[in-house]
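K.L.:
This structure is in structure tokens; I'll ask about it shortly.
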Amino acid sequence: MSKALLQVTDLSAAYGQVLALRDFSCQVEEGKITALVGSNGAGKTTFLRSLSGLLPVQQGSIDFDGGDITYEPSDQRVEAGLALVPEGRLIFPDFTVEQNLKIGAISKRARDDLAEGLEYAYALFPKLEQRRHQLGGTLSGGEQQMLAVARGLMARPRLLMLDEPTLGLAPLIADAIFDMMTQLKETGLTLLIVEQDVNRTLQIADYAYVLENGTGVMAGAAQDILADPKVRESYLGI
Amino acid sequence: MDILLSPQLLAAALITGVLYALISLGLNLIYGTMRLLNVAHGDLVMIGAYIAFIVFSLFNVGPLVSMFGAAVICGGLGWFAYKSIFQNLLSNSQILARLEENSLLLFFGISVVVQNLVILFFTADRQGYEYLSAIVEIGDVRLTGARLAVLIVGSVISIAAVLYLRFSLFGLAMNALIQNRDASAVVGINVDRVQMFSLIIGFGITGLAGALISVLEPITPVMGFPYTMSAFVVIILGGLGNLWGGFLAGLLLGMLEIFGVAITGPEWRSVLVYGIFIGILIFRPQGLLGRGKIAR
């Protein structure tokens, strides 16, 4: 086993009184794609929100790259190289495409590489370059998703977390997003993906965890999870 | 209607407009980044005016110098308010959801306390001082030196502030926070720091405006309230959280007020300002330059 970049131990998180994640442990290995699957309300988004610092942790610990970041604010996590492409994209509607990308590189770790980062983002998504002066809010859903991913990459992350990157997108665009994730892995980037398209996600992932009602119920190589009869019945309808 | 073409009136409108732009910029930063309804905002104008008055009485130093002191002191009050009250409230997501409504009551209380403290120390009497009262003539326009200075200094500072917030990295971060709080945290903006500086700059710039206003009108403990109302009208006119829109709306409200009063009479001032306020809320609630709802 190669070294774990992210190590989560017995993590619990809640919205008010409602415990949405209970004692969940997992690890993400460097250079691999790790997937988190489960039905709606299983706690997947809650998990990513607590990893990025948007939701405070109740119990447990998060170690990233050997450092404890459990109680660090969001900006310090980005500074350490942990970036989130959030559910619903959360791009800035009143910023142009280029301003959205620039603000993605606001952390000190990325600020000096702004020009390089822009070049890389435009090479990856030529459409964004065509629309660089257009306001974020006027882009189509697929373009907004590309912008959200590109903005995440602007932070020069070591681990990029993607929350439902193909939700609500046309099949062709979803294809492009899956291709792009494989491509990013080939550059050596580590990915943690939460996706509703369980079948395709498990096909590109190396490892996977299955969440149910806020608890981890299964973990292993993505191929094994994909072959599991229970998973096939519950999530793939086969 | 010759009166509408009078350059004299135009100068008066610009002075009022620039001051509105400056004061509402402060309110807009605070509302935009934290959704705090600072109904004590005009009291910062009053504090700035008293600072300028005290400095002039004690040291014979004019407002063009003491305005920087007023900015620093009011900015310090902003820092103190952030550290003592808002930092904790804003970091709790459940309190945050209800903070906008509750902040209205909180600031109303602060306003009452501050006004009464000022009455206690300085009495409720009107204060004032003589400063650059000689008349300056520029073409057809006749202004006191003080009013001319306010026009120039106010314009320079408000334009500089808007340009800084539009083109600097800090301004970009502030604009991002105005648009979406979660997204700002996700991209790595130090939200806590941006909030703190919004309050410091917002309070400071308003205190500075107050020092300038001290040469234009009598200084009293209740002089701030009309500025609170005007500033709210301006940021709603310009679109909440839209800094550039607010700047233009400040100038526009100054024009509407001065020209409106010149046509009707001073007793109509409140009717005009509140009439515009209600009119916008009914017909264009997103503001003249607003594009729509601000995402939270």
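Rule-based calculations on the coordinates, nothing more; no lab input. Since we're looking at a predicted model, the values are computed, not measured. No Cβ is skipped: glycine too gets one built from the backbone with ideal geometry, and neighbour counts run over all protein chains shown.
K.L.:
Restricting to Cα pairs below 8 Å that are 6+ residues apart, what does the relative contact order work out to for the range A:89-157? Please round to a whole percent.
P.N.:
On the way: 86 pairs, mean separation 38.3, N = 69.
It rounds to 56 percent for the range A:89-157.
K.L.:
Further question: Roughly how tilted is helix B:145-167, in degrees to the nearest 10 and between 0 and 90, from the longest Cα axis of chain B?
P.N.:
In chain B, helix B:145-167 runs at an angle near 20 degrees to the longest axis.
K.L.:
What are the ³J(HN,Hα) values, in whole Hz, obtained from phi via the Karplus relation 6.51 cos²θ - 1.76 cosθ + 1.60 with θ = phi - 60°, for each residue of the range B:121-136 in sequence order, with x given for Gly and Pro?
P.N.:
8, 10, 6, 8, 5, 6, 10, x, 8, 8, 8, 6, 8, 5, 7, 10
K.L.:
Give the shape of the range A:123-180 as rounded, prolate or oblate, defined through the alpha-carbon gyration tensor: a ≥ b ≥ c are the square roots of its eigenvalues, a/c under 1.5 means rounded, and otherwise the shape is prolate if a/b is larger than b/c and oblate if not. Please list the in-between numbers first.
P.N.:
Details: a/c = 1.59, a/b = 1.06, b/c = 1.50.
Oblate, because a/c is 1.5 or more while a/b does not exceed b/c.
K.L.:
Another one. Can you find, among B:SER214, B:VAL150, B:ALA160, the residue sitting farthest towards the positive end of the charge dipole of the range B:19-224, where Lys and Arg contribute +1 and Asp and Glu -1 at Cβ?
P.N.:
With unit charges placed on the Cβ atoms, the residue in question is B:ALA160.
K.L.:
Under the rule of at least 5 residues apart or a separate chain, name every residue whose amide H is placed under 5 Å from the amide H of A:TYR209.
P.N.:
Amide H neighbours of A:TYR209, under 5 Å, 5+ apart: A:ALA35, A:LEU36, A:VAL37.
K.L.:
What order do you get for B:50-58, B:230-238 when each peptide is scored by the mean count of other beta carbon atoms within 10 Å, highest first?
P.N.:
Numbers: B:50-58: 19.3, B:230-238: 26.4.
Ranking, from highest mean packing down: B:230-238, B:50-58.
K.L.:
Then there's this: Estimate the FRET efficiency between B:GLN8 and B:LEU89 by the formula 1/(1 + (r/R0)^6), using the beta-carbon distance for r and 60 Å for R0, to the nearest 0.05.
P.N.:
Numbers: r = 48 Å, r/R0 = 0.80.
It comes to 0.80.
K.L.:
Let me ask you something else. Work out the length of the dipole vector of the range B:19-224 about its Cα centre, built from +1 on the beta-carbon of each Lys and Arg and -1 on the beta-carbon of each Asp and Glu, and round it to the nearest 20 debye.
P.N.:
Working: 9 positive and 10 negative charges, 74 e Å.
The calculated dipole for the range B:19-224 is roughly 360 debye.
K.L.:
Right, here's the next one. Is there a quick way to get the dipole size of chain A? I mean about its Cα centre, with the Cβ of Lys and Arg at +1 and of Asp and Glu at -1; what is the value in debye to the nearest 20?
P.N.:
Working: 21 positive and 31 negative charges, 65 e Å.
Computed about the Cα centre, the dipole is about 320 debye.
K.L.:
Which one, A:GLN183, A:PRO171, A:ILE225, is farthest towards the positive end of the dipole of chain A when Lys and Arg carry +1 and Asp and Glu -1 on their Cβ?
P.N.:
A:PRO171
K.L.:
In whole angstrom, how far apart do the alpha carbon centroids of the range A:186-211 and the range B:40-95 sit?
P.N.:
Between the Cα centre of the range A:186-211 and that of the range B:40-95, the gap is 52 Å.
K.L.:
Give the angle, between 0 and 90 degrees and rounded to the nearest 10, that separates the Cα long axis of helix B:191-213 from the longest principal axis of the Cα atoms of chain B.
P.N.:
That works out to roughly 10 degrees.
K.L.:
Can you give the FRET efficiency for B:GLU267 and B:ILE110, using 1/(1 + (r/R0)^6), R0 = 30 Å, r = Cβ-Cβ distance, to the nearest 0.05? The partial results should precede the final answer.
P.N.:
On the way: r = 31 Å, r/R0 = 1.02.
Computed FRET efficiency for B:GLU267 and B:ILE110: 0.45.
K.L.:
What is the gain in length, in nm to one decimal, between B:ARG142 and B:PHE59 on full extension, counting 0.36 nm per residue of separation less the C-alpha to C-alpha distance?
P.N.:
Details: separation 83, 0.36 × 83 = 29.88 nm, distance 2.92 nm.
Answer, rounded to one decimal: 27.0 nm.
K.L.:
Could you pull out every one of the lysines with an alpha carbon less than 23 Å from that of A:LYS230, ignoring same-chain neighbours closer than 8 positions?
P.N.:
Counting by Cα, and skipping residues close in sequence, A:LYS230 has these lysines nearby: A:LYS44.
K.L.:
Percent of alpha carbon pairs in the range B:1-151 separated by more than 18 Å? Working shown, then result.
P.N.:
Working: 7636 of 11325 pairs.
More than 18 Å apart: 67 percent of the Cα pairs in the range B:1-151.
K.L.:
Another question about this same structure. Say we join alpha carbon atoms closer than 10 Å with springs in a Gaussian network model of chain B; which of B:LEU77, B:LEU253, B:LEU27 then has the biggest fluctuation?
P.N.:
Taking springs between Cα atoms under 10 Å, the residue moving most is B:LEU77.
K.L.:
Same structure, new question: For the protein assembly as shown, what is the largest minus smallest coordinate of the Cα atoms on each principal axis, given in angstrom and ordered from greatest to least?
P.N.:
Principal-axis extents of the Cα atoms in the protein assembly as shown, largest first: 89, 47, 42 Å.
K.L.:
How large is ³J(HN,Hα) for each residue in the range B:235-246, as worked out from phi by the Karplus curve 6.51 cos²θ - 1.76 cosθ + 1.60 (θ = phi - 60°), to whole Hz, x for Gly and Pro?
P.N.:
Going residue by residue, I get 6, 6, 4, x, x, 4, x, 8, 5, 5, x, x Hz, with x marking Gly and Pro.
K.L.:
Let me ask another. Which of B:LEU36, B:ALA124, B:VAL112 sits farthest toward the positive end of the charge dipole of chain B, with +1 on the Cβ of Lys and Arg and -1 on the Cβ of Asp and Glu?
P.N.:
B:LEU36
K.L.:
In addition: Do you know the relative contact order of chain A, to the nearest whole percent, from alpha carbon pairs under 8 angstrom that are 6+ apart?
P.N.:
Numbers: 466 pairs, mean separation 63.7, N = 238.
Over chain A, the number comes to 27 percent.
K.L.:
On average, how many beta carbons from a partner chain sit within 10 Å of the beta carbon of a residue in A:47-54?
P.N.:
Working: counts 0, 0, 2, 0, 0, 4, 2, 5.
Mean inter-chain Cβ contacts per residue within 10 Å come to 2.
K.L.:
Evaluate the distance, in nm, between pseudo-label points positioned 7 Å from the Cα of B:GLU100 and of A:GLU119 along their respective Cα→Cβ axes.
P.N.:
My value for the distance between the label points is 4.4 nm.
K.L.:
Let me ask something additional. Please compute the average number of Cβ atoms from other chains found within 10 Å of each residue's Cβ in peptide A:105-115. The partial results should precede the final answer.
P.N.:
Details: counts 3, 10, 4, 1, 1, 2, 2, 0, 0, 0, 0.
For peptide A:105-115, the averaged partner shielding equals 2.
K.L.:
Can you tell me the relative contact order of chain B? Whole percent, Cα pairs under 8 Å, sequence separation 6 or more.
P.N.:
Numbers: 474 pairs, mean separation 113.6, N = 296.
It comes to 38 percent, rounded to a whole number.
K.L.:
Once amide H atoms are placed 1.01 Å from N in the peptide plane, what residues at a sequence separation of 5 or more from B:LEU288, or on another chain, have their amide H within under 5 Å of its amide H?
P.N.:
For B:LEU288, the qualifying residues are B:GLY238, B:GLY239.
K.L.:
Work out, step by step, the length gained on full extension between A:ASP112 and A:GLN130: first 0.36 nm times the residue separation, then minus their alpha carbon distance; give nm to one decimal. Intermediate results must be reported in sequence, preceding the final value.
P.N.:
On the way: separation 18, 0.36 × 18 = 6.48 nm, distance 2.40 nm.
That works out to 4.1 nm of additional length.
K.L.:
Using amide H atoms built 1.01 Å from N in the peptide plane, name the residues 5+ places from A:ALA14, or on other chains, whose amide H lies under 5 Å from its own.
P.N.:
Here the answer is A:ALA20, A:GLN58, since their amide H atoms fall under 5 Å of that of A:ALA14.
K.L.:
Give me the inter-chain shielding for A:72-81: mean count of other chain Cβ atoms within 10 Å, whole number please.
P.N.:
Numbers: counts 0, 7, 10, 11, 2, 3, 6, 2, 1, 0.
Whole-number average of other-chain Cβ neighbours for A:72-81 is 4.
K.L.:
Let me spell out the model: positive unit charges on the Cβ of Lys and Arg, negative unit charges on the Cβ of Asp and Glu, origin at the Cα centre of the protein assembly as shown. What dipole size does that give, in debye rounded to 20? Spell out each step's value before the answer.
P.N.:
On the way: 35 positive and 44 negative charges, 141 e Å.
That gives the protein assembly as shown a dipole magnitude of about 680 debye.
K.L.:
How far apart, in nm, are the 7 Å Cα→Cβ label points at B:LEU281 and A:GLN223?
P.N.:
6.7
K.L.:
Once you have a ≥ b ≥ c as the square roots of the Cα gyration tensor eigenvalues for the range B:62-149, tell me rounded if a/c is under 1.5, and otherwise prolate or oblate according to whether a/b is larger than b/c.
P.N.:
Numbers: a/c = 2.86, a/b = 2.19, b/c = 1.30.
Verdict is prolate for the range B:62-149.
K.L.:
Same structure, new question: Quick one: if you stick a label point 7 Å off each Cα along the C-beta vector at B:ALA160 and B:LEU288, how many nm between them?
P.N.:
Distance between label points: 2.6 nm.
K.L.:
Return the sequence-ordered ³J(HN,Hα) values of the range B:269-282 in whole Hz as given by the Karplus equation 6.51 cos²θ - 1.76 cosθ + 1.60 applied to θ = phi - 60°, using x for Gly and Pro.
P.N.:
Working through the residues one at a time gives 3, 5, 4, 5, 5, 5, x, 4, 4, 5, x, 5, 4, 7 Hz.
K.L.:
Using only Cα atoms and rounding to the nearest 10 degrees, what angle (0 to 90) does helix B:7-34 make with the longest principal axis of chain B?
P.N.:
Compared with the principal axis, the helix lies near 20 degrees.
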